[in-house]
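Structure first, commentary second.
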Amino acid sequence: REGYTFSDFKCVIDGKVLEWAHDPSMAKYLRPATLFTPSKFEAYLNEFEHSESIELNQKEQIKETLREALRQKLGQEKLNKQ
């Protein structure tokens, strides 16, 4: 409704994954409630809006960062259940 595009959402998600996924105190904020709250979303988008588009190797780094963060999270959950 606010006029944001799919690319805007992707930019915020990719940027915050790179920034927060390996920081346990911040990784917990990689969720829709944090990323897509209107006031926060606009601020996050402005952080990345003036930078160049994410290159292919950065996209691979984002994917691997997210995979590793998920592996760590799943591993911690298994340990907590034991």
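Just a few scattered comments:
- Number of positions in the range 61-82 that are assigned to a helix (DSSP H, G or I) and at pLDDT below 75: 6
- Selection within the range 1-35 - among the small types (Gly, Ala, Ser), farther than 11 Å from Ala69 by Cα and not in a helix (DSSP H, G or I): Gly3
- Whichever residue in the range 36-45 is in a helix (DSSP H, G or I) and among the hydroxyl-bearing types (Ser, Thr, Tyr) and, among such residues, is surrounded by the most Cβ atoms within 10 Å (Cβ to Cβ): Tyr44
The values are calculated or read from the model by the stated rules, or taken from the named source; none is laboratory data. If you're wondering where the values come from, they're calculated on a predicted model, not measured in any experiment. Every residue, glycine as well, gets a Cβ built from its backbone with ideal geometry; the counts of neighbours run over all protein chains shown.
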